Amino acid sequence: MAGPPDALSSLPGEPLHALRAQWSDVLMLLERIDRVAWMIWFDARLAAFDGQALVLDFSDPARLDPGQRYPLREDVRDRDALVLAIQQVTGYQVEIQIQSQMVEVDGEH
């Protein structure tokens, strides 16, 4: 299902706002489905969503260690678990894309 389900189509705003409104529910379900996947994805920020492509951002200037690298493994099960949780909570079938920027600290990247 590529488009928004009835429950989300009644929410005001674009698909990103609708997904943000239910993101806590997505994460709670993800924790029940796969705790390791939840540990990987719970710190992601929803950067963009057009109803299909979900861009998750792991850059967070408020973190104490701005050079932190996230352990995004090659194992697609972690990604599949998130996709499943999103689909079960919202009805959206999404494609996950990662956006991660290094924060410049004292002239270093």
| Assuming Q88 fulfils every condition listed in (1) assigned to a loop (DSSP other than H, G, I, E, B); (2) modelled with pLDDT of 95 or more apart from one, which condition is it? | (1)
| Only one residue in L29, L16 is within 11 Å of I86 (Cβ to Cβ) and either surrounded by 14 or more Cβ atoms within 10 Å (Cβ to Cβ) or modelled with pLDDT of 90 or more (or both), so which one is that? | L29
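The values are calculated or read from the model by the stated rules, or taken from the named source; none is laboratory data. All of these numbers come straight from a predicted model, not from anything done at the bench. Methodologically, a virtual Cβ is constructed for each residue, glycine included, from the backbone with ideal geometry; neighbour enumeration extends over all protein chains shown.
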